Every structure is written in C-alpha cells, then in structure tokens.
Amino acid sequence: MRRSIIIAFPHKLSFILSGVGLSLGVHIGFFGVGINEIFLIFSAALSLFYMPPYGWCRINSFYRRHQILILMSLSLMIFASIGFFVGAMYTEDNRSIFQLIRFFLFLFIIFQLPLFYSVSDQGAPEDVLKLMFIGVLIASIINWLAFFGGAYSDPSLPGQNTIGQQVALFLPLLLYWSIVQNGLFKRFFVIGLVVFLVATSLFSWSKGSWVGIIISFALFPLMSGRKSVGTILLIACLVLAVAFQFSEIILKLIETEFSASEGSGSNQQRIATILSGIYIARDFPFGVGAAYEAVASRYISETGMLWIQPDPHNTLAHVASVGGFGALASYGLIYCAAIYALFRAKHLNKHFRWALAAILFNGFLLMQFSGAFFTQAFWWLILGAIFTLADRRLLQTSK
C-alpha cells in the first residue's frame, strides 16, 4: 500500500469526524483534544516518512504567500499561551493546560491542509469541505434519529446550537452544489438535502442558525445570478409545502423559543456575559485563559449577570478574555486574511467563491452567538481549506 494513502486515510477520517462534531452535545475526544485532531497529528507524523520532491515546493509556496497568516497565528499562540498561564493562577484544575495543548492543535490544523495536499494527491481542497459536510449530514441524521426515538426530553434536536451552527455554515456550499450539478437526479438530491438542512436548523432551536439560513438564501441570488432563480423557486415551494404541513408545530416551536429566551432573561444575560469578556481584557492585559468563570464572578453586579457561563458565548469576547486585546487583534487579522486570500483567488469559479464568502459571513454572524469558533477545530479546518484553495501554486503538481 502506498504511504501517501496511509497518510490520507487518517486525514479524511478527521475531516468527517470534525463534521460530526458535537452532534449530540457530547465531546468526541479526550481531555479536550478531539479524536479528529489526534488523527491529524498522527497523519502529520506519518508524512515525515514520505515527502515527494514537489511537496516541498508546495509547502514553500504556501508559506511565502501567507506570511501574514503565519505571523498572526504565532502571535495568537503567544498571547493565548500567556493568558492560559495567567489563568492557571485563578483555577486549581488542569483545564488551562489541556486547553493550551488543544489550542496549539487548532493553529497546527491550518498548516495541516497544505501539508496533506503536498504529500498525497488525493484531490482538491474542495474535497475537505465535502468530507466535512458528510460529517455534518451524519450528525443531522443522528440528531433526527434521537429526536424521533424519544431519547431526548426537549422538543428540539439533541445537538441544538452546535448542529444548528454547522448546517448554517454549510448551506451556502450546498446551494452552490445545487446549481452546478448537471444531472437532474443529482440536482434534486442536493435540493432535497437543502430542505433537510433547513429543517435541521429550525428544530435545532438555534436563533443564530435561523438568521444564518435566511442570510444564505438572501446572498444566493448574488452568488449565482440568474442560475439561482429556478432553484430558489423550487426550494421555496418545497420548504413552504413542508412548513404548511407542520405549520402548527413550527409556529409553536418558534413561539416557545422566543418566549423562553425572554422569560429567563437569556437575551440580557447574553449581553452581560459578552461585556464580562471585554471587561476581562480591559483589566487583564493578557487575558485569563480558561479561568473565565472564576474571574467573571467579580463582574456580576457591574454587568447585571444572572449566572456564570463557561465562556462569554461570543467568539470575539471569548478570544479577548483568553488572551487579551492582542489575541483579539491576531484572531481578527487571521479572519481578514482569509477574506483577502479568497477574493484574490481569481482562478476559482466565481460562484464557488461567493459560496465560500457566504460561509465566512455566516461564520462571523454565528460568532456573535457562540464562542465555539475559537475552541472548535471545525472552523479552523474551514479556514485552512479556504487558504489552501486560494493558493493556485499549491495545487499544481510539478512531478
């Protein structure tokens, strides 16, 4: 068996596992390090035994073209490391150590994709997104099986926000696939998957996911022009038909979610939690790592917090609380570098670029509702795929 295939297998499996993610609200990993990340590290170690001559050219091309990305990644790692060590003084558990190790893996993952495509000719980086979508689809199916099987007491999918965020992120890509399929059966199959993801988003009870889905449909005509009109009409008819069939359940679900959020003070608490993360960055120049709960308790009266959550539930505030404003600036520049790299990638199909831009936009929107875009490898893999896709020379094989 070729060594490149041995390297490719754990990588591909890790992408699928990243898509599955926290589908049932249970972390797939050990001590905060996901199984998908373990497979990535394993395949990176294997790659040391096999590197074709053209591989080093690809790696060199990536590093030369993305020097700002590398600098900002190192900067983010340094600021976060200081924050984790500061936080270790406020907590007695070992979370700071494990989160620091896990966070190192996140930045490592960005550079895993160009390494992967340098040592194994296993297709284009777009295949990574397809594999991750397979994982999201598996997660959705698991959620629905648990939902109909009565394994969960709430009238919502077990994964809730986590599965809602994932389907919202991948909807633009699925919409893109719906217009590029040539065969009628394939096109209808993809459209059926779109409707399935919309239903998954609705029953996830994730308001951020709902907004992301709506924005994806709003951006779709801009992404595809006249090609999208027929698809939009067909999807709209299917969604309306399903909505009409289950209108009573859907209206009750939406009403329950909004009334529950208002009655429990969830919206006010979310704002107070975000502010507490910003206050931490103001009072602790290098952040407090994983000690957010211990430090945020001081801000209860100042921000009007009702309870303490594990993190600020906002990615930007979360980054600020972990590593201070230096980490926040580094994280923001990495995100901006992804946008810049994407719009410089003129060799990509313009419709595909719009789909990736919509994913980046959805990601930024969902960041405001969750801190997971800093602590989950799922988002870092998407960024890695975008950076790798943007590098034309990396995709060229000069054997």
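Name the one entry in ILE68, ILE110, ILE59, ILE35 that is of a type in the set (A, V, I, L, M) and modelled with pLDDT under 65. Can you show your working first?
Working: ILE68 fails: modelled with pLDDT under 65; ILE59 fails: modelled with pLDDT under 65; ILE35 fails: modelled with pLDDT under 65.
Sole residue among the options that is of a type in the set (A, V, I, L, M) and modelled with pLDDT under 65: ILE110.
If you take the residues of region 164-195 that are of a type outside the set (Lys, Arg) and over 19 Å from ALA358 (Cβ atoms), which of them is nearest to the chain's Cα centre (by Cα)? Give the derivation first.
Keep residues of region 164-195 that are of a type outside the set (Lys, Arg), which gives 164-185, 188-195.
Next cut, over 19 Å from ALA358 (Cβ atoms) only: 182-185, 188-189, 192.
On the way: ASN182: 29, GLY183: 30, LEU184: 31, PHE185: 30, PHE188: 27, PHE189: 24, GLY192: 23 Å.
Looking at residues that are of a type outside the set (Lys, Arg) and over 19 Å from ALA358 (Cβ atoms), I get GLY192.
In region 282-320, which residues are assigned to a helix (DSSP H, G or I), surrounded by fewer than 24 Cβ atoms within 10 Å (Cβ to Cβ) and either of a type in the set (Ser, Thr, Tyr) or touching a Leu at 6+ places or on another chain (Cβ under 9 Å) (or both)?
SER297, TYR299, ILE300, SER301, GLU302, THR303, LEU316
Checking the structure you have, find out if any residue of region 321-331 is in a helix (DSSP H, G or I) and among the polar types (S, T, N, Q). Walk me through it before giving the result.
Within region 321-331, the first condition is being in a helix (DSSP H, G or I), and the residues that meet it are 321-331.
Of the ones still in play, those that are also among the polar types (S, T, N, Q) are 321, 330.
Yes: one or more hits.
Step by step: first the residues of region 73-107, then only those that are at pLDDT 75 or above and crowded, with 21+ Cβ neighbours inside 10 Å, then the one that is farthest from ALA296 (Cα to Cα). Which residue is that? It would help to see each step written out before you state the result.
Taking region 73-107 and keeping what is at pLDDT 75 or above, we get 73-90.
Subset that is crowded, with 21+ Cβ neighbours inside 10 Å: 73, 76, 79-80, 83-84, 86-87.
Details: SER73: 27, LEU76: 22, PHE79: 20, ALA80: 18, GLY83: 15, PHE84: 15, VAL86: 15, GLY87: 12 Å.
Among those residues, the one meeting the criterion is SER73.
State whether one or more residues within region 21-28 are in contact with a helix residue (DSSP H, G or I) (Cβ under 8 Å, 6 or more places away or on another chain), modelled with pLDDT of 70 or more and within 30 Å of PRO310 (Cα to Cα). So that I can check it myself, show each step before the final result.
In the first step, residues of region 21-28 are kept if they are in contact with a helix residue (DSSP H, G or I) (Cβ under 8 Å, 6 or more places away or on another chain); the result is 21-25, 28.
Pick out the ones that are also modelled with pLDDT of 70 or more and you get 21.
Applying the additional criterion that residues be within 30 Å of PRO310 (Cα to Cα) yields 21.
Within region 21-28, one or more residues are in contact with a helix residue (DSSP H, G or I) (Cβ under 8 Å, 6 or more places away or on another chain), modelled with pLDDT of 70 or more and within 30 Å of PRO310 (Cα to Cα).
Considering only residues that are surrounded by fewer than 19 Cβ atoms within 10 Å (Cβ to Cβ), at pLDDT 80 or above and among the aliphatic types (A, V, I, L, M), which ones fall in region 200-236?
Those that are surrounded by fewer than 19 Cβ atoms within 10 Å (Cβ to Cβ), at pLDDT 80 or above and among the aliphatic types (A, V, I, L, M): VAL211, ILE214, ILE215.
Only one residue in PHE343, PHE373 is hydrophobic (A, V, I, L, M, F, W, C) and touching a residue at least 40 places away in the same chain (Cβ under 8 Å). Which one?
PHE373
The values are calculated or read from the model by the stated rules, or taken from the named source; none is laboratory data. As the structure is a prediction and not an experimental result, all values here were calculated from the model. As a convention, Cβ positions derive from the backbone with ideal geometry for all residues, glycine included, and neighbour counts pool all protein chains shown.
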